[in-house]
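Asker: One structure is given below, represented as structure tokens, and several questions about it will come after.
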Amino acid sequence: MKKVNHKLKSWMKGVFASSLALTVAACSGGGQEAKPADNGAGGQTGSQPAAQTPAPSGEPQKLVIYTGRDKNIFEIVLPKFKEKYPNIEVETLEMGAQQILERVRAEKANPQADFWWGGTQSALSTAADEGLLEPYKPTFADKIPDLYKDKEDRWYGEMLLPEVIMYNSQALKPEEAPQDWDELLDPKFKDKIVIRNVLPSGTMRTIYSAMIFRQGADTPEKGYEWLTKLDANTKEYTQDPTNLYLKLDRQEGVISLWNLQDVLLQSKKNNHPYDFIYPKSGAPILVDGIALVKGAKNLDAAKNFMEFLMSPEIASQLAKERFQFPARTDISKDELPDFMKNLELKPLELDWAVMAAKEKEWMQHWDENIKGKGKK
């Protein structure tokens, strides 16, 4: 994959500021629904026509979903899916994106999941390369830019997640919070930063890998030094997002790094005293995606859920009610919240292929040599 963020910037402006026309040159054309594609094992992918949604069946079915999504999303999507497919019993298992990858990998010989909902581009690309995902070209395939989907139809981006600086707005005024990434290293923020435990979290792995990349991917030592300084200012690494929010609410820490959607969700829907700074130099913009698990026992049910989840109706509802930036390019701007139309998402210049290739090595080094050692 080539560097793409200059394309990302122009695409985001097109989506949220004007006609939602795709300006990324690599986007697929077309848009008409075609005959079903052969997406079975060993079938061709990529050049196939889009598949039709599997026909509803009255037979009882089961659907097992491994997900990194929040329950606030479930309460919108799952009841509506149940209304449309009352015969499908849905089970969800919640964990971080990296944990999903490790579990799907461990279960390769006997898959227990059918659908992967909420995975980073890096995790999904790794899973695809390891043969863990089922190729499937859905009906909405040409509505997702090539930048946000696998070229062999093994995963698709559901939404875009800008990673930002989060702070407690009762403890800090906007001008008092760090305005850019390097300001996080200022000694005045010592013991004011709390971070969600990095290794289990796709969000945090992406942010930390981006911080190494921006210092120079060929010389990760500079990035390691940067993260050591951040560790020196970090008071605590929390077990999960719930504990992160608890620490921020109690002002045991007043600054963190997190995805913009969750910051907005926690502040506007759950009444947490949070606000955000969009870093001046730009932000990593994560592609949060979905996939079918290779060898899924309930493949038709998983395909039905994928098509339902990615429908324009659900995408626009999640944008309005859960601040989700859709990856689809055909959502009318009239169906998006005002802040989403006007917010310019400036991306960091990142090479996602390099990030995916180096992430495991970089994060292992951080865990073994940096975490908790910056103050020494």
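The values are calculated or read from the model by the stated rules, or taken from the named source; none is laboratory data. On a predicted model such as this, the values are computed, not experimentally measured, just so you know. Please note: Cβ atoms are built from the backbone with ideal geometry, for glycine as well, and neighbour counts cover all protein chains shown. Ligands, DNA and RNA are stripped out before the accessible areas are found, and what is left, the full protein with its side chains, is counted by its heavy atoms. Shrake-Rupley method; radii C 1.70, N 1.55, O 1.52, S 1.80 Å.
Asker: Which condition number in (1) more than 19 Å from MET310 (Cβ to Cβ); (2) open to solvent by 10 Å² or more (accessible area, probe 1.4 Å); (3) in contact with a strand residue (DSSP E or B) (Cβ under 9 Å, 6 or more places away or on another chain) is the one that PRO162 fails?
Answerer: Here PRO162 meets the rest and fails (2).
Asker: Moving on. Can you tell me which residue within segment 58-95, out of those that are within 17 Å of THR242 (Cα to Cα) and touching a Lys or Arg at 6+ places or on another chain (Cβ under 9 Å), is least open to solvent (accessible area, probe 1.4 Å)? Outline the logic, then answer.
Answerer: In the first step, residues of segment 58-95 are kept if they are within 17 Å of THR242 (Cα to Cα); the result is 67-74, 93-95.
So of that shortlist, the ones also touching a Lys or Arg at 6+ places or on another chain (Cβ under 9 Å) come out as 70, 72-73, 93-95.
Numbers: ASP70: 51, ASN72: 29, ILE73: 3, LEU93: 61, GLU94: 92, MET95: 34 Å².
Out of the qualifying residues, it is ILE73.
Asker: Can you tell me which residues in segment 360-376 are closer than 12 Å to ARG205 by Cα and open to solvent by less than 20 Å² (accessible area, probe 1.4 Å)?
Answerer: TRP362, MET363, TRP366
Asker: When you go through TYR224, TYR167 one by one, which is the residue that is farther than 25 Å from TRP352 by Cβ, of a type in the set (Ser, Thr, Tyr) and surrounded by 16 or more Cβ atoms within 10 Å (Cβ to Cβ)?
Answerer: One residue alone meets the criteria, TYR167.
Asker: Taking segment 69-103 only, how many residues are out of contact with any Phe, Trp or Tyr (no Cβ under 7 Å at 6 or more places or on another chain) and within 13 Å of ALA127 (Cβ to Cβ)?
Answerer: 5
Asker: Wholly within segment 208-271, which helices (runs of 4 or more DSSP H) include no fewer than the required count, namely at least 3 residues that are closer than 22 Å to LYS373 by Cβ? Give the derivation first.
Answerer: Numbers: elements: 220-233, 241-249, 260-268.
In segment 208-271, 220-233, 241-249 are the helices (runs of 4 or more DSSP H) which contain 3 or more residues that are closer than 22 Å to LYS373 by Cβ.
Asker: Looking at MET310, is it closer than 29 Å to ASP180 by Cα and out of contact with any strand residue (DSSP E or B) (no Cβ under 6 Å at 6 or more places or on another chain)? Outline the logic, then answer.
Answerer: Working: closer than 29 Å to ASP180 by Cα: no; out of contact with any strand residue (DSSP E or B) (no Cβ under 6 Å at 6 or more places or on another chain): yes.
No, not satisfied.
Asker: List the number of the failed condition for LEU172; all other conditions in (1) open to solvent by less than 30 Å² (accessible area, probe 1.4 Å); (2) under 19 Å from GLU361 (Cα atoms); (3) touching a residue at least 40 places away in the same chain (Cβ under 8 Å); (4) more than 15 Å from the chain's Cα centre (by Cα) hold.
Answerer: (2)
Asker: Among (1) open to solvent by less than 10 Å² (accessible area, probe 1.4 Å); (2) touching a helix residue (DSSP H, G or I) at 6+ places or on another chain (Cβ under 7 Å), where does LEU185 come up short?
Answerer: (1)
Asker: Okay, next question. Answer yes if at least one residue in segment 298-316 is open to solvent by 20 Å² or more (accessible area, probe 1.4 Å), over 14 Å from MET159 (Cα atoms), of a type in the set (S, T, N, Q) and at pLDDT 95 or above, and no otherwise.
Answerer: Yes; the residues of segment 298-316 include at least one that is open to solvent by 20 Å² or more (accessible area, probe 1.4 Å), over 14 Å from MET159 (Cα atoms), of a type in the set (S, T, N, Q) and at pLDDT 95 or above.
Asker: Quick check on my filter: what residues within segment 313-367 are of a type outside the set (A, V, I, L, M, F, W, C), free of Cβ contacts under 8 Å to residues at least 40 places away in the same chain, part of a helix (DSSP H, G or I) and assigned by the TED database to the domain that holds GLN98?
Answerer: The answer is GLU313, SER316, LYS320, ASP334, GLU335, ASP338.
Asker: Residue by residue through segment 262-280, note down the ones that are open to solvent by 10 Å² or more (accessible area, probe 1.4 Å) and under 27 Å from VAL64 (Cβ atoms).
Answerer: Matches in segment 262-280: ASP262 only.
Asker: Residue by residue through segment 281-297, note down the ones that are part of a strand (DSSP E or B) and open to solvent by 10 Å² or more (accessible area, probe 1.4 Å).
Answerer: The answer is ASP288, and nothing else.
Asker: Further, regarding this structure: Residues being polar (S, T, N, Q), in a helix (DSSP H, G or I) and within 20 Å of LEU248 (Cα to Cα): count how many of those fall in segment 196-207.
Answerer: The qualifying residues number 1.
Asker: Quick one: would you say PRO162 is in a loop (DSSP other than H, G, I, E, B) and in contact with a helix residue (DSSP H, G or I) (Cβ under 7 Å, 6 or more places away or on another chain)?
Answerer: Details: in a loop (DSSP other than H, G, I, E, B): no; in contact with a helix residue (DSSP H, G or I) (Cβ under 7 Å, 6 or more places away or on another chain): yes.
No, not satisfied.
Asker: Follow-up question, since we're still on this one. Taking only pairs six or more apart or across chains, which ones have beta-carbon atoms under 9 Å, a first residue in segment 258-287 that is within 19 Å of GLU75 (Cα to Cα), and a second residue that is β-branched (Val, Ile, Thr) and open to solvent by 10 Å² or more (accessible area, probe 1.4 Å)?
Answerer: Partner pairs satisfying both residue conditions: ASP262/THR203.
Asker: Further, regarding this structure: Which of the residues that make up segment 184-195 are assigned to a helix (DSSP H, G or I) and either modelled with pLDDT under 95 or in contact with a Gly (Cβ under 6 Å, 6 or more places away or on another chain) (or both)?
Answerer: Answer for segment 184-195, where residues must be assigned to a helix (DSSP H, G or I) and either modelled with pLDDT under 95 or in contact with a Gly (Cβ under 6 Å, 6 or more places away or on another chain) (or both): there is none.
Asker: Identify all residues within segment 119-134 that are open to solvent by 20 Å² or more (accessible area, probe 1.4 Å) and part of a loop (DSSP other than H, G, I, E, B); write none if there are none.
Answerer: Result: GLU130, GLY131.
Asker: Something else about it: Looking only at segment 331-359, how many residues end up being open to solvent by 60 Å² or more (accessible area, probe 1.4 Å) and touching a Leu at 6+ places or on another chain (Cβ under 9 Å)?
Answerer: Counting residues in segment 331-359 that are open to solvent by 60 Å² or more (accessible area, probe 1.4 Å) and touching a Leu at 6+ places or on another chain (Cβ under 9 Å) gives 2.
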